[in-house]
Each structure stands twice: as C-alpha cells, then as structure tokens.
1. Obtain the nm distance between the two label points defined at Thr147 and Gln290 by a simple spin-label model: each point lies 7 Å from its Cα along the Cα-to-C-beta direction.
2. With both partners inside region 23-175, how many of the DSSP beta bridges are antiparallel, as a percent to the nearest 5?
3. Say the dipole of the chain comes from +1 at the beta carbon of Lys and Arg and -1 at that of Asp and Glu; which of Gly175, Gly339, Thr323 then lies farthest toward its positive end?
4. Considering only the other residues whose Cβ falls under 15 Å of the Cβ of Gly342, what net charge follows from Lys and Arg at +1 and Asp and Glu at -1?
5. Which FRET efficiency value, to the nearest 0.05, is calculated for Ala379 and Asn52 with the Förster distance at 56 angstrom and r the Cβ-Cβ distance?
6. For every other residue with a beta carbon closer than 12 angstrom to the beta carbon of Gly409, add +1 if it is Lys or Arg and -1 if Asp or Glu, then tell me the sum.
7. Hey, got the Cα dimensions of the chain along the principal axes, in Å, largest first?
8. I need to check one value: relative contact order of region 24-105, counting alpha carbon pairs closer than 8 Å and at least 6 residues apart, in percent.
Amino acid sequence: MRRTRTALRGAAAVVTAAGAVTVPVATAGAVLADTGQVPYQCKIFSTVFDYNATVTVSAPASAEVGDEVTVDADFSNLPGVAPLPVNSWTTTGTLAVSGAQTGSVPIQAPKRTETIPAYGELPIGTVSGKLTLAAAGDVKIAPAALTIVAEAGAQATITCAPKSAAAPLATIGVGEGGPGASVSPSTVVQGGAVSVTGAGWAPGPVELALCDAGGGACAPGDLTGATGSADAAGKLTASATVAESAAPGARTLVITQGAVSRSVALTVTEKTPPPTGACADQPAERCGEQKINLTVNGGPLTMSRAAGEVDLTPVTLDGTEQTATGSLKQVEVIDARGGSTGWSLTGTMTDFSAPAGTKIPAGKLTWTPSCTGAPGASAVTPGSAGPLDTTTAATLCSAPDGAGQIVGGTFTAGAGLKLTVPPATGAGRYTAVLTLTLS
C-alpha cells in the first residue's frame, strides 16, 4: 500500500499537492549441526542485492553406505527487498556434496503463509532434503543455490547463489555398511536409458521402480526394460529406460531386493518434441526448428503525482456562500504486477484551518474524479463525484479484478475540485491535507 499526502490551501482555501566461519553447536550424538556465514548474491526482477546468510547445516555424524539420510539447512532471514507485501512463499535449493561422494542434494521447505510487509525481511528457516549415501568415507555438505518464489499479488522469483563455493558445514562419516547404489546419468531425458551400480547386495535379482521425489507414488509404466542383479561378490548391475510418458522433474529411482530397499535421486527432463509445421516433412539437414522461450517477470504497483501546489481560486466574503474551484494535480498509477488483482486509489482529507484557528469542514470540498488508461491498459473506472471526509475514504480511481484475465498498464487520475465557503468564515489563508492511498 502506498500513500501520498496533498496539502490544501487557499486565500479562503488553497489546494496543495505536498567467508564461512564454522561454529559447532553440537559435538556428540546422532546429529551434528555447524553454523557459518555464507555471502550470497541474489536477484529479484532486475534488482541485484547481497544476502549475508547465517546458515546452520544439520546431518548425521555417521551412517553406512546405502543409508538415506535427512540433511537440514536453516537460513537466516532474507533482506527486505520485495516492493509489495508478501502473502506466501516457497523455498527450494541445493546443498553441494563433496568428499567420498560428489553431487548435490535437492532441498525444499513447505509453503509458508503469512503477511510480510513491503520491504520486510523474509523468514527462510529450515530447508530439508534426503541424500542416499553411495560411498564409504567422509561426505561433506555445503550450502549452495537457493530459490524463493513469493506471492505478492503477482509471482516474484528470488534467486540466490554463493559468491564463491561455500565451505562444508557438515560431515558424515560413512561406513561400508549395507548395500549401496548410484545411478548414471543422474539427469536423463524422457526416453533415455540409465544404469545402476552398487555394492554390498546379496547375490540375486533386484527390482527397479521410478517414483516421485519423496520415494512414493511409484508409476509402473515409468520404466521399461528394467533388469538388474547382484553377483556372488555383491556387485550390483542394473539398467532401465525411462518412458517417454514419465513425468519430468525431480524423481527417485528405488532399487528393491526382498526386504532391502535403496533410493537414488534422479532428474527427468522433458524430451524435445519432433519437428512440426514447416519442418515436419523436411530432411533434418535442410530444415531445423528452434524453440523460443520468454520469461516475463512481474513488477510493482506504484503511483506518483505531479509536483507543485494546486491553488483554489480566491474568494471575497460578501455575506453569502462563495465557491472556490481548482484541479487536483495529476496522479499516475503503474500496475506492472502481471496478475489479475485489481487496485483502488482513495482519498481522505483534514478540515481546512487558518492560523487564527478558524476552520472550514472537509465536507465542504467536493471532487469530480476522472481517470484514463494508456494504450493497452486494462479497464479503469473513476470514482463518484461527492464530498471528501476526514475518516471515510472516497474513491478517486479503481481497476477491478481481472476475473481470470491479466490486468495492468499505466493510468492517470485527476479530479475537479469545488469548495463551498460559508458566509461566516474568518478571513485568512486556509490549509488542509488530502491523503491518497493506493491499495
């Protein structure tokens, strides 16, 4: 919500438009947590800003090959950069894995719903993921990328990356333990093949299934030609083809042998569709297609007004009511949110007062609103003509919700002003303040 105050004055009245350092917080037990400072560089719309995050990473102190462990990263509040109130947000990201095992851990947090004022700090909190341990030795975990998708009338995406590779904040001592597995490649296109290797398995066949990111909702048709077994030494070899109909995104490959089950993260990407249109029947070496994508980032809802004061016409008392007139300074509203939520511009004002202490009630001033949209803008409606009030807001201009359609554009608003000056009014220069609120 943005406000602007306009002073109203006159001869009987006038209108005026006035580097990581780790600190162990646990040194014994099943889970260890280390805290460090991670300098991030973030971007929202076209604005780049720094986020010196305090991050605590928690992970088991020890585990065995094949174990699936939970890794938590607790982030300090994000600086207040959103130009509009935020109503809800989701946080995702990755943790970097190094040491005996390399790669990354996808992390995410449940959607948070609360109202954060414009430019208020955004709580991030704990973001969690699961890592399947595939090799013995020390596996180190460090903060990496972070993405926050905020709802603020329109969707705003904040992307953050460490300015340099962050130091590990957790180390898992991984023993040989039970069976382990890894998949190659870790990212596969729909219709692509994957191979699975591992050690510590009992001799005999294994079963493969492709499931959602949490290891559930396994779809039988998402893998074709799946086959695999472990030899007498416990060495696992398996392969499968990801069906072209398999849902893209973060998935989990589950390897099962009797009562033993292991999960490995797998990302499925969407297959590029075959040529259509003009290239459908042409040889590939003579006709090609390129997919062109566009990202449209939403902006803020803002208003501004023309500078200077608006003087009502002076009046001379003669024992009868007098009328002073004028025009409100032009106000410009820009709705660049890219959503379907409308807006309204309303006004309240104080009584007119003179240095001698005499007053003219606010209700003696009436306005006749006008507003228009620039070419391409959505519909806009002027408010009703009538008196202004000290507490009840009157509408100068409004844009309705889009009812499923996108609204926005640039709009100008103004109003003709008329002040009725009572016969019994003290001579002098009067001032009042008009406050315009955009919401």
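1. Inter-label distance under the simple model: 2.4 nm.
2. Expressed as a percentage, antiparallel bridges in region 23-175 total about 95.
3. Thr323
4. Net charge around Gly342: -1.
5. 0.80
6. That sum, taken over residues with Cβ under 12 Å, equals -1.
7. 114, 66, 35
8. Details: 106 pairs, mean separation 16.4, N = 82.
Computed value for region 24-105: 20 percent relative contact order.
Quick note: the coordinates plus some simple rules give every number you see, no bench work behind them. Everything numeric in this text was worked out from a predicted model, so none of it was measured. So basically every Cβ, Gly included, is an ideal-geometry build from the backbone, and we count neighbours across all protein chains shown.
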